[in-house]
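These notes are about the structure you will find just below.
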Amino acid sequence: MKALQHLKTILHHKNLVRKGCFKVGLYRQGIMHDWSKYTPTEFLVGCKYFQGTKSPNNAERLDKGYSSAWLHHKGRNKHHLEYWIDYSDKNGYMSGMRMPKKYVVEMFIDRISASKNYQKDKYTDKSPLAYYENGKDRYIMHEDTRKLLEKLLHILAEKGENAVFYYIRKKVLKNGKTERFHYVKR
């Protein structure tokens, strides 16, 4: 039964991300978002630790001291800030690298979708910002990435989804034209 519930949660989350990405013109990212969740490394852990109110990765981490599913996931999905952590050429310490804007936008939409998925009826446009604020001191993130993410979270909290998606299309992604499809006539 947990496997079916976990699958429904993944599908619902992916559907929310797809809708958000499509609204801003990130069609490929909307379709390809989180495909690694269907691999055995991530899916089986999700089934075993499924709770429905928070990520199963947190439960695996509590049980084992680490999350094999998360380690697998973050290394394959460019919309996670952890994917962009590397040694800095300036000081040799682990630092956040600048994320391309399209991945910051996907990360932002992912945060909205995760909040909606887990909070359900309790979700408000302030929820993703509140979640971010609760843990932001622990994030290793490039300053430009942090500024953009925080700006988007604040616009969402203050003006709503339509306003932030409009801002993303017109200002961040320049009309959302980040992906071009070329059709070949046959």
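The values are calculated or read from the model by the stated rules, or taken from the named source; none is laboratory data. This structure is a prediction, so every number in the text was calculated from the model and none was measured. Just the protein is used for accessible areas: all its heavy atoms, side chains included, with ligands, DNA and RNA removed. Shrake-Rupley method; radii C 1.70, N 1.55, O 1.52, S 1.80 Å.
General remarks:
- Residue by residue, the stretch 40-56 carries 3J(HN,Hα) couplings of x, 4, 9, 5, 5, 5, x, 5, 4, 9, 4, 10, x, 10, 7, 4, x Hz when phi is fed to the Karplus relation 6.51 cos²θ - 1.76 cosθ + 1.60 (θ = phi - 60°); x denotes Gly or Pro.
- Largest to smallest accessible area among ARG146, ARG28, ARG138 [probe 1.4 Å]: ARG138, ARG28, ARG146
- Measuring nothing but how far apart in sequence close Cα pairs (under 8 Å, 6+ apart) lie, relative to its length, the chain scores a relative contact order of 23 percent.
- Accessible area per residue was computed with a 1.4 Å probe on protein heavy atoms; LEU11 scores about 90 Å².
- Listed residue pairs exceeding 32 Å between alpha carbons, taken from LYS74/LYS151; LYS19/LYS122; LYS64/LYS101; LYS122/LYS170; LYS14/LYS170: LYS64/LYS101
- In this structure the amide hydrogen of MET141, modeled in the peptide plane, comes within under 5 Å of the amide hydrogens of GLY96, none closer than 5 places in sequence on its chain.
- Spatially, the stretch 98-129 and the stretch 18-96 are offset by 13 Å when compared through their Cα centroids.
- Within the assembled protein chains, the solvent-accessible surface assigned to TYR123 is about 40 Å², based on a 1.4 Å probe.
- Overall, the accessible surface of the stretch 56-161 at a probe of 1.4 angstrom is composed of carbon and sulfur to the extent of 48 percent.
- Accessible-area ranking of THR41, THR53, largest first, probe 1.4 Å: THR53, THR41
- With every protein chain in place and a 1.4 angstrom probe, the accessible-area ranking of PHE22, PHE50, largest first, reads PHE22, PHE50.
- Computed with every protein chain present, the accessible area of TRP84 is close to 50 Å² [probe 1.4 Å].
- Normalised per residue, the accessible area of the chain is 61 Å², obtained with a 1.4 Å probe and no contribution from ligands, DNA or RNA.
- Ellipsoid semi-axes in whole angstrom, largest first, where each is sqrt(5λ) of the Cα gyration tensor of the stretch 1-107: 25, 21, 9
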